[in-house]
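**Q** Okay, handing you the structure first.
The values are calculated or read from the model by the stated rules, or taken from the named source; none is laboratory data. Because the structure is predicted, anything quoted here is derived from the model rather than measured. Every residue, glycine among them, receives a Cβ derived from its backbone with ideal geometry; neighbour counts consider all protein chains shown. Each accessible area value is taken on the protein alone, full model and side chains, heavy atoms only, with ligands, DNA and RNA left out. Shrake-Rupley method; radii C 1.70, N 1.55, O 1.52, S 1.80 Å.
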Amino acid sequence: MGGVGGTITLSEASRFGHSTAFSLMLKPVGSRCNLRCSYCYYLDKASLYGGREPVMDARLLEKCISGFCASCDLPELTVEWHGGEPLLAGMEFFRRALDLERKYSGGRPVHNTVQTNGTLLDGEWAAFFRDNGFLVGLSLDGPEDVHDRFRRTAGGVGTFGKVMHGLEALLRAGTEFNTLTTVSKAGEGRGAEVYRFLKAAGSRYMQFMPVYEHIIQMSHSSSGASCIAPPSAEKSVPAPWSVAPEAFGRYMCDIFDSWVCGDVGQYFVLTFDAALSSWCGVQPGICSFCESCGGNLTVEHNGDIYPCDHFVYPQWRLGNIRDISLRDAATSGRLASFGVSKRNSLPPVCLRCEWMPACCGGCPKHRVVSSSGDSRPLNALCSGYRLFYSHIAPVMDKMKALLSEGRAPSELNLSDIQ
């Protein structure tokens, strides 16, 4: 545990010291993608690998799967396939991965999830994912004008039609899926409308992720080209697609107000589930709202290991799977330092905040360095989260009371809430 700075809790000491309870995110094609979404935080990563990111080769795939099965001590394993666009790896790649999971898991269940932009989905892919128990995460930002504002092909063509075709393929096949909706500048003021659209489209499980990035001009560029800036970068500015903090808070409040009037227990929004978990003192299902980071290792197409796919930067590289085991990476002092720094780097205002138990400072990627160079920057979305949590608090209090009585949150009577 050498090299871990600041305080560390007993549970963190247990988790980082010897426990290897983690999920694995695999990037079989790195950041390679058939789209050029304006706000993508991962396209820039190609520059780390000379601009070329081939599909993960068969031997490396086997090393990843066997190493994960040997390193993770959980009774059930979870592999998250991400990108870029992971479907570019091809169906045979995933068939090989499933064979390897069966070979090395020791009989333990292996849960596979895949996050896709949906443009390559068809009946064959949908049936494959259904038959092999994949949970598909489908990126869909809302109605056509919202979705297409920033989610376009390299040629600038909107992708809404293709994504909806992919969604229809999932529905026809009966494939389990959820929708991932990014909340960018395009969605401001339209939360309730987006929520109604997703319901009508057939989504019952929804995740809403704020898009808030800083960009910095590339020093070698004469054309003014920019790239996504790491949180520690100075002289960066908010990207033009970033959602305004309070607009994000209002967006989530509007969805909550629609959801709470008849949809509780019928439609599921991960942010609301996480809030209720925090209200009840239970670990939330979103890492952004956990006290510390580090429960999910990311392995790139070439075997490089990182503590989080939002922190694929050279300074956070834990090694390469060809040189170190995932067990060594999961119990390393560097991962522990990354994990506990989420809490230990909180500014004093967070520690005094009444919403701290629910927010936990949010995702560290949103703690961008201010113009004053504050060494402990506040989460840029703080005002939005404060607006959201203060708005939902009366309902969360009532739901917590219902659960303590052994009743379901769906029994909520809104007339009882002042």
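**Q** How large is the accessible surface per residue of segment 273-404, computed with a 1.4 Å probe and reported in Å² as a whole number?
**A** 39
**Q** Can I ask one more? Over segment 17-117, give the accessible area per residue in Å² for a 1.4 Å probe, as an integer.
**A** I get 41 Å² per residue for segment 17-117.
**Q** Once amide H atoms are built 1.01 Å from N in the peptide plane, which residues 5 or more positions from V183, or in another chain, come under 5 Å H to H?
**A** Residues meeting the amide H criterion: M209, V211.
**Q** Quote the charge dipole size of the chain about the Cα centre in Debye, to the nearest 20; the model charges only the Cβ of Lys and Arg (+1) and of Asp and Glu (-1).
**A** 660
**Q** List the trypsin sites (Lys or Arg not before Pro) in segment 315-387 that DSSP assigns to loop (not H, G, I, E or B) and whose Cβ has at most 10 other Cβ atoms within 10 Å. Which are they?
**A** R352
**Q** Given the rule -39500 (n - 2.57) for each run of at least 4 DSSP H residues, summed and divided by the residues of the chain, what is its mean residue ellipticity at 222 nm, to the nearest 500 deg cm²/dmol?
**A** -11000 deg cm²/dmol
**Q** Candidates (i) 0.98; (ii) 0.94; (iii) 1.81; which is the computed Rg/Rh (Cα atoms, Kirkwood Rh)?
**A** Among (i) 0.98; (ii) 0.94; (iii) 1.81, the one derived from this structure is (ii).
**Q** I want to check the label-to-label distance for R52 and R130. Put each point 7 Å from Cα in the C-beta direction and report it in nm to one decimal.
**A** Label at R52, label at R130, 4.0 nm between them.
**Q** Pop out the carbon and sulfur fraction of the accessible area of the chain as a percent, whole number, probe 1.4 Å.
**A** Roughly 52 percent, rounded to a whole number.
**Q** Moving on to the next point. For F128, what charge total do you get from the other residues with a beta carbon under 11 Å from its beta carbon, if Lys and Arg give +1 and Asp and Glu give -1?
**A** Summing Lys and Arg as +1 and Asp and Glu as -1 gives -2.
**Q** Leaving out same-chain residues fewer than 8 places away, which aspartates and glutamates sit with a Cα under 13 Å from that of K103?
**A** E62
**Q** Just to verify a number: FRET efficiency for S226 and D416, C-beta to C-beta distance, R0 = 45 Å, to 0.05?
**A** For S226 and D416, the calculated efficiency is 0.35.
**Q** Same structure, new question: Stretched out fully, how many nm does the piece from A192 to R317 gain, at 0.36 nm a residue minus the Cα gap?
**A** Length gained, A192 through R317: 41.0 nm.
**Q** From the Cα gyration tensor of segment 308-418, with a ≥ b ≥ c the square roots of its eigenvalues, which class applies: rounded if a/c is under 1.5, or else prolate if a/b is larger than b/c, or else oblate?
**A** oblate
**Q** Another question, if that's okay. Taking a probe of 1.4 angstrom, what is the accessible area of D254 in Å², to the nearest 10?
**A** For D254, the solvent-accessible surface is approximately 60 Å².
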